[in-house]
Amino acid sequence: MITAAAIQFTIKPGNVDANLAHARDALGRASDRGAQLVVLPEMWSCGFCGKSLAGLAMHTAAIAEELQDLSRRLGLVVVGSMPEPNGDRVFNTIHLIDNGRLAGIYRKVHLFSLLGEDRVFAAGDGCLLADTSIGKIGVIICYDLRFPELSRRLALEGAQILCIPAQWPKPRNEQWRTLLQARAIENQFFVVASNTCGMVGKLDFFGMSMIIGPRGDVLAEAGDRETEIVAGLDMRDMAEWRAQIPCFKDRRPELY
Ligand SMILES: NC(=O)CCC(=O)C(=O)O
């Protein structure tokens, strides 16, 4: 059994110190509750801060180092995205940290053009499936959830847990829930998704961070306030379920 947590909090735009202080405390609380895997929201260190983003991205290397230190001391796998400098643009980047080790980097592939992400960010051009101390972890970021091919690729390559940092606002609550459950059901893996909550800039976020099992069962779900949710991921049960309904074996990839 793996214990997973999603940290949900109201990101303070541009206030790296306040966000880092919150993350530090929340990682400690999650660890006290037995968490081995912790997911933070998308762009948790500073939010989507428009013009100041390139400057804020300069803090990311130091924050990633502190996360590595925390992860080592608390014995955690940590996932969450931050801005990464890239010339006059930035990437929206996950540093996947496993007990102090940088296990991999993922740069958001699908930029959310409705909110102009494609004008500020550079898009990533790869996937990340990391072999960690607690199993094979795939990652995507927020809007990537709408593109099932990406999660599918990670599942076919062996992902057991899909981690999703997000900033997914109202009024698309039910789309968020349905898509998370769909990804879990169709790929028969665990989904650990962290969303922000409250007002962040002009956008209102509903929270609803979720931990979902391979049958689509909701193992833990947050309301609309700051919190940490924790749930056990039973890997043996996932294997039994995959044996009972062998979707991977029954695929007909020659037809699609
Ligand atoms: N930050 C994002 O990728 C937002 C995605 C979103 O809100 C959606 O509906 O999709």
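Each reported figure results from applying straightforward, stated rules to the coordinates on display, with no laboratory input. Here the structure is a predicted model, which means the values were calculated and not measured. Glycine also receives a Cβ, built like all others from the backbone with ideal geometry; neighbour counts cover every protein chain displayed.
Using a 7 Å offset from the Cα along the Cα-to-Cβ direction at both Arg242 and Asp118, what is the distance between the two label points in nm, to one decimal?
Inter-label distance under the simple model: 3.5 nm.
Can you tell me which of Gln244, Gln175, Gln188 moves the most in a GNM of the chain? Springs connect C-alpha atoms under 10 Å apart.
Its mean-square fluctuation being the largest, the pick is Gln244.
Which angle between 0 and 90 degrees, to the nearest 10, do you get for helix 16-32 versus the longest principal axis of the chain when only C-alpha atoms count?
The answer is roughly 30 degrees.
Put +1 on the Cβ of every Lys and Arg and -1 on every Asp and Glu Cβ in segment 2-249; which of Leu180, Phe147, Ala123 then has its Cα farthest towards the positive end of the dipole?
Selected residue: Phe147.
If one takes the longest principal axis of the Cα atoms in the chain, at what angle in degrees, from 0 to 90 and to the nearest 10, does the Cα axis of helix 60-74 lie?
The angle comes out at about 50 degrees.
Please grab the % of Cα pairs in the chain that end up more than 29 Å from each other.
For the chain, the fraction of Cα-Cα distances above 29 Å is 23 percent.
For n ≥ 4 DSSP H runs only, could you compute -39500 (n - 2.57) per run for the chain, divide by its residues and tell me the 222 nm figure to the nearest 500?
Helices in the chain give a 222 nm mean residue ellipticity of -9000 deg cm²/dmol.
Report the one residue of Ile229, Tyr256, Leu67 whose Cα lies farthest in the direction of the positive end of the charge dipole of the chain (charges on C-beta: Lys and Arg +1, Asp and Glu -1; origin at the Cα centre).
With unit charges placed on the Cβ atoms, the residue in question is Tyr256.
Give the lysines whose C-alpha is closer than 24 Å to that of Lys108, dropping any in the same chain fewer than 8 places away, or say none.
Result set, ordered by chain and number: Lys12, Lys51, Lys136, Lys170, Lys202.
Using every Cα-Cα pair within segment 112-233, state what percent have a distance larger than 18 Å. Before the final figure, lay out the partial values.
Details: 3811 of 7381 pairs.
Considering segment 112-233, 52 percent of its Cα-Cα pairs are separated by more than 18 Å.
Test of understanding: extend the Cα→C-beta vector of His59 to 7 Å, then name every residue of segment 190-224 with backbone N under 16 Å from that spot.
201
In debye, nearest 20: dipole of the chain around its Cα centre with unit charges on the Cβ of K, R (+) and D, E (-)? Present the calculation step by step, with values, prior to reporting the outcome.
Details: 28 positive and 30 negative charges, 52 e Å.
Using Cβ point charges on Lys, Arg, Asp and Glu, the chain gives about 240 debye.
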